Each structure stands twice: as structure tokens, then as C-alpha cells.
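J.: Sharing a structure, written as C-alpha cells. Questions coming.
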Amino acid sequence: AEPRPIAMVTTLNGYACQRRTPLQHHNAVLTDALLVLAEKAEFSENEGRSVALRAASVLKALPHTVINMENLQGLPCLGEHSQRVIKEILEDGKSREVEAALHSEQYQAMKALTGIFGVGVKTADRWFREGLRHPSDVASSGHRLNHTQQAGIQHYDDLNMPVTKAEADAIGQIVKEAVQAVLPGAEIILTGGFRRGKPTGHDVDFLITHPEEGKEEGLMPKVVSWLEARGLLLYQKTNRNSYLEATEGSARPPNNMDRFERSFSIFRLDMPGAGPERHPQAALLEQAQDDSSVGGRRVGESWDWKAVRVDLVVTPFSQFAFALLGWTGSQLFERELRRWAGQEKHMSLSSHALYDSKQKRYLRASCEEEIFAHLGLEFIPPCERNA
Ligand code: DGT
Ligand code: MG
């Protein structure tokens, strides 16, 4: 008898937070294509974004490579549009819609313009309609830019270069030193994509807390001053904590918007081994430039410093587990957790708390495992939250 081919039919749960999604998966060709369509939808602000993101996320969780349409049987979140794109790629090696998007002037311009720190889809779209295509067009257009956008244009190249794990750790050391200098006993934790095991990221995310509730109050301005005094910040904007104001007088937690004391910043990361001592040209270059704050100064193949986006978030200890879960991502995993909580459990999850609408009370948690348990979900470790 002929050996029967193994039917590669997998069933997967409908919510991304019920699935294990590793960083490395088997369907990058398909997911890359779907992610371009998600981006295209985002640029024209239509609903297609989350549809394409969910479809890509299902393929990321598959334990095998999709080689034919039968492999998709029984899988959730794969609508007619996604299936058409997948079929085309399986048959022709590429999708016309994706190729057209990648080559379109609008997609390329929107990608370049939204790549400016401080510029969202709305602003980028307005600029595109005015004929701007690239950050250099914006700089020469005479538009009034806010401080964030000015910093975004000034450090455009650096901020669009991936941040490595080694760079994230180097910044972690600096933040740790700053935090411990201004509040001994305070703790810092690396979150975001790096906690999920990503080798690179677009920024570095940190949570800061202190085991004694209340000690963390007023911490952020002190940390920022410490860093500024040492010339380590190229830009920063701090939003104060507004969580209590928003909850006062209402039983329910405000919404998913984060209300922690948070600092969006751009660090100046010195590159070890590329300082002026090793590269005498760097010192000369510095003297020659009257504005030494423009971009990372390249010296031959290396540079002596690099601008890196860093998010610092201060959380009270009692909210720490929720903040950790909320800031570890991925973004889709977070959105699916909140959708699961609301639709399946009548609960409301934020980065501050979990509210049970049936019991009309907040559920406490001191670690992520307890939150998953409250939600009736199997615990998924950070490295498998790459939905
Ligand atoms: P990356 O930085 O592009 O390599 O990837 P991630 O996953 O680190 O993404 P990032 O840095 O944008 O955000 C990390 C996680 O933090 C993200 O999955 C969701 C969460 N997050 C980001 N911004 C906010 C916010 O304003 N509020 C709340 N609650 N969460 C946020
Ligand atoms: Mg990040």
C-alpha cells in the first residue's frame, strides 16, 4: 500500500491569547504579505488592518508550513480576502495586490512619513496630499512642527535603524543606575518586544516600580533630571499619571488608554569602542560641526553615538503585574486579551487592573500567572506572545 501523505490540518483557537505564537514560525512569506496589506489598510484608515493582522497571526501559530489551501481548513480568522491572497502566493509565488501596494507612491510615502517619530497616519496623509513624500520634503516645506516631530526629523536615520538587544541592555544599565541613584530599592524591568525574545526592536520599553507602594510617586522627574544632567537625553516628554483622576466617581476602570506616568524619550547611546579616543577623526569632526546634536556622527564604518527611542513607565507595585502584562505585547496579543476579557468573561482588562463586571469588583494579581488564571486562560509565557 502507498504511504498516505500526512494531512497537515491543525485546529487553532479563535483568540490569539489562547494560542502559543513563537517568534520564529513557518509561514513568513505569507505573513509578510498579509502584514503589508495590514499596513496599507492602516494608511488609509480602514478596518482591513485588524482583519489582516488576525489572519497573519493565525499563520504564525501554525506548527507547519502552509503548502496548499487544504492546510487552511478549520483555521479561524481567515476571511475571503486573506484566502485569496494566500492562494495567489501559493500558486504564483506572489500576490499582485501586495506587489502593487509595495510599489505604490502612496504606500512608500506613507511608510517614510509615518516613520517620523511624532507623526501618525492623519498627519502623514495630509502631508502626502500636499505633495510631500519624504522627511526631507517636510523639513524644507516650512510646516510648523511640534518638538516631537522636530526631534523625529533630526534623528530620522538613527530611529529607523533597528535597536539591538545589546543596545537595549546598555540602556537598561544606564536607566538602572539613574533609578537607583534617585530611589534606592526601585526596580526596572525590560518589557516590550525584547521581553518576548525579539533580537531587535524599534524602541526600548522599561517598567519602573518600587516594592513599597507609594514610594514610586514623583520618581519620573527625578530620573529624567538625572539623565538630562549627564547629557543622555536628546528629547523627552513626560505625561503625568492620571489614573486616579479618571477613576474617581466611577465604578468602572476608565478605558484601555494607559494612564501611568510615562516618559517618551530619545536617548543618546554612546557606542563603546567608537569614541573620540579610538577615532581621533571624531573629535575633529565634532569641532568642525557647529551643531553637534544632528544625528549620530558616523566615523568611517562606525559612529560614536546613536539616538534610540526609549519608553519609561512608572507603576505602583499593586498594578505591576497588569502593567507587565500590558507592556509586554505583542500589540495584537494585548488587543485579543482585552477582547477575550470583555466578550467571554464580562471583565475589563487594562494595564492597571482587571474589573469583573459580574462580581462588581477588581481582581487582584501579583504576577502575570494570576491574571491568566482570573481570565480562565492557560498561561502563555512572553516568548510565545508573538501574535
Ligand atoms: P517593537 O518596539 O516595535 O520592537 O515592538 P514592541 O512589541 O515592543 O512594541 P511597542 O514598543 O510599540 O509596545 C510594546 C507593548 O506595549 C505593545 O505591545 C503594547 C504596549 N503599549 C505600547 N504603547 C502603549 C500605550 O500607550 N498604552 C498601553 N497600555 N500599552 C502600550
Ligand atoms: Mg518596543
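No value in this document is a laboratory result; all are computed from the given coordinates. Since we're looking at a predicted model, the values are computed, not measured. Please note: Cβ atoms are built from the backbone with ideal geometry, for glycine as well, and neighbour counts cover all protein chains shown.
J.: So which lysines pass the test for Lys358, namely a Cα distance under 19 Å, with those fewer than 8 places away in the same chain ruled out?
T.: Correct list for Lys358: Lys345.
J.: Please list 202-211, 330-339 highest first by mean number of surrounding beta-carbon atoms within 10 Å per residue.
T.: Values: 202-211: 21.2, 330-339: 19.4.
Result, highest mean Cβ count within 10 Å first: 202-211, 330-339.
J.: For the pairs Lys87/Lys165; Lys122/Lys198; Lys122/Lys222; Lys215/Lys360; Lys198/Lys306, flag any whose C-alpha to C-alpha distance is greater than 26 Å. Display every interim value, and only then the final one.
T.: Values: Lys87/Lys165 36 Å; Lys122/Lys198 29 Å; Lys122/Lys222 34 Å; Lys215/Lys360 29 Å; Lys198/Lys306 20 Å.
Over 26 Å Cα-Cα: Lys87/Lys165; Lys122/Lys198; Lys122/Lys222; Lys215/Lys360.
J.: Separate question: Provide, as a two-decimal number, the C-alpha radius of gyration of region 16-101 over 2.2 N^0.38 Å, N being how many residues it has. Show your work: numbers first, answer last.
T.: On the way: Rg = 12.2 Å, N = 86, 2.2 N^0.38 = 12.0 Å.
Taking N as the residue count of region 16-101, the ratio is 1.02.
J.: So between Glu228 and Asp270, what do we pick up on full extension, going 0.36 nm a residue minus the alpha carbon distance?
T.: Working: separation 42, 0.36 × 42 = 15.12 nm, distance 1.45 nm.
Full extension of this stretch gives 13.7 nm more.
J.: Based on Cα coordinates alone, diagonalise the gyration tensor for region 319-384, multiply each eigenvalue by 5, take square roots, and list the semi-axes in whole Å, largest first.
T.: Values: eigenvalues 59, 33, 22 Å².
Those come to 17, 13, 11 Å.
J.: Right, another one. Please compute the length gained on full extension between Glu88 and Asn239, using 0.36 nm multiplied by the number of residues separating them and subtracting their Cα-Cα distance.
T.: Numbers: separation 151, 0.36 × 151 = 54.36 nm, distance 4.65 nm.
Working it through step by step, the gained length comes to 49.7 nm.
J.: Cross-link candidates for Lys237: which aspartates and glutamates have Cα within less than 17 Å, leaving aside residues fewer than 8 places away along the same chain?
T.: Qualifying aspartates and glutamates at Cα under 17 Å: Asp203, Asp205, Glu228, Asp258, Glu261, Asp311.
J.: Then there is this: For Cys383 and His202 in one chain, what is 0.36 nm times their gap in residues minus the Cα-Cα distance, to one decimal in nm?
T.: Values: separation 181, 0.36 × 181 = 65.16 nm, distance 1.76 nm.
Extending this stretch completely gives an extra 63.4 nm.
J.: Placing unit charges on C-beta atoms (Lys and Arg positive, Asp and Glu negative, everything else neutral), compute the dipole magnitude of region 319-384 about its Cα centre in debye, rounded to 20. If you can, show how the numbers build up before the last one.
T.: Working: 8 positive and 9 negative charges, 89 e Å.
Once rounded to the nearest 20, the dipole reads 420 debye.
J.: Spin-label point model (7 Å from Cα, Cβ direction): what's the His346 to Glu212 distance in nm?
T.: Here the modelled spin labels are 4.2 nm apart.
J.: Let me ask something additional. At R0 = 35 Å, how high is the FRET efficiency between Thr65 and Cys367 if r is their beta carbon distance? Nearest 0.05 is fine.
T.: Working: r = 36 Å, r/R0 = 1.02.
Once the sixth-power term is evaluated, E becomes 0.45.
J.: Also, quick follow-up: Normalised by the residues of region 1-122, what does the relative contact order come to in percent, with Cα pairs under 8 Å and at least six apart?
T.: Working: 130 pairs, mean separation 35.1, N = 122.
Across region 1-122, relative contact order equals 29 percent.
J.: I need the Debye-formula profile for the chain: one equal scatterer per C-alpha, no solvent, reported as log10 I(q)/I(0) at q = 0.06, 0.10, 0.15 1/Å, two decimals.
T.: Cα-only, vacuum Debye calculation for the chain: -0.28, -0.79, -1.47.
J.: Right, next: For every helix of n ≥ 4 consecutive DSSP H residues, a contribution of -39,500 (n - 2.57) applies; sum these over the chain, divide by its total residues, and give [θ] at 222 nm rounded to the nearest 500 deg cm²/dmol. Working shown, then result.
T.: Values: 17 runs with 166 residues, N = 387.
The helix contribution divided over the chain gives -12500 deg cm²/dmol.
J.: Pop out the ³J(HN,Hα) list for region 328-337 in order, Karplus 6.51 cos²θ - 1.76 cosθ + 1.60 with θ = phi - 60°, rounded to Hz; leave Gly and Pro as x.
T.: Using θ = phi - 60°, the values come out as 7, x, 4, 4, 5, 4, 5, 5, 5, 4 Hz.
J.: Once the convex hull of the alpha carbons of region 105-154 is built, what does its volume come to per residue, in cubic angstrom? Walk me through the numbers before you get to the answer.
T.: Numbers: hull volume 3.2 nm³, N = 50.
Dividing the Cα hull volume of region 105-154 by its residues yields 64 Å³.
J.: Identify, among Val98, Phe267, Gln154, the residue whose Cα sits farthest towards the positive end of the charge dipole of the chain, taking +1 on the Cβ of Lys and Arg and -1 on the Cβ of Asp and Glu, with the dipole about the Cα centre.
T.: Positive-end residue among those listed: Val98.
J.: Compute the relative contact order of the chain as a whole-number percentage, counting only Cα pairs closer than 8 Å that sit 6 or more residues apart in sequence.
T.: On the way: 607 pairs, mean separation 67.9, N = 387.
The value is 18 percent.
J.: Quick one: net charge around Trp127, please, counting Lys, Arg +1 and Asp, Glu -1 for every other residue with C-beta under 12 Å from its C-beta. Numbers along the way, then the final one.
T.: On the way: positive: Lys122, Arg126, Arg129, Arg133; negative: Asp125, Glu130, Asp137.
Local charge sum for Trp127: +1.
J.: Quick one: putting +1 on the C-beta of Lys and Arg, -1 on the C-beta of Asp and Glu, what dipole do you get for region 83-204 around its Cα centre, in Debye to the nearest 20?
T.: 300
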